[in-house]
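Here's the structure, in structure tokens; my notes come after.
Nothing in this text is a laboratory measurement; each read-out follows from the coordinates by a stated rule. Just so it is clear, the structure is predicted and the values come from calculations on it, not from any experiment. Virtual Cβ from ideal backbone geometry, glycine too; neighbours counted across all protein chains shown.
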């Protein structure tokens, strides 16, 4: 796409439209299923903070996802994982999710949340 400005613009428009539709879908699932966390899938409305972590770290969607729901998603994950992890090596899912949580909480000027129990 280097040098093809029309293709770059077209791809950017597709990306932006997809992002808008994705956020609208998440909002709708949260409303229709009466959930207060970011759902991992539209079909299941399931709680999966690792999937949400990918949305934050790889896709960079933290700024467009519902802030309160994103915070609740990570807090709901973080509290039990802190209680049961003493003395054990972290799993890859824990590392991935912790990275997303630190990015989110630091970006939201709420880094103290990492020390909550």
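See the values below:
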read-out: Rough spin-label spacing in nm, given labels placed 7 Å along Cα→Cβ, for residue 10 and residue 75; value: 4.6
read-out: Pairwise FRET efficiency - residue 24 versus residue 47, Cβ, R0 = 25 Å, nearest 0.05; value: 0.80
read-out: FRET efficiency for residue 54 and residue 34, using Cβ-Cβ distance with R0 set to 35 Å, rounded to 0.05; value: 0.90
read-out: Order by protection proxy (mean Cβ within 10 Å, highest first), peptides 55-66, 16-27; value: 55-66, 16-27
read-out: Overall form of the stretch 1-59 per C-alpha gyration tensor (a/c, 1.5; a/b vs b/c); value: prolate
read-out: Highest to lowest packing among 37-47, 68-78, scored as the average C-beta count within 10 Å; value: 68-78, 37-47
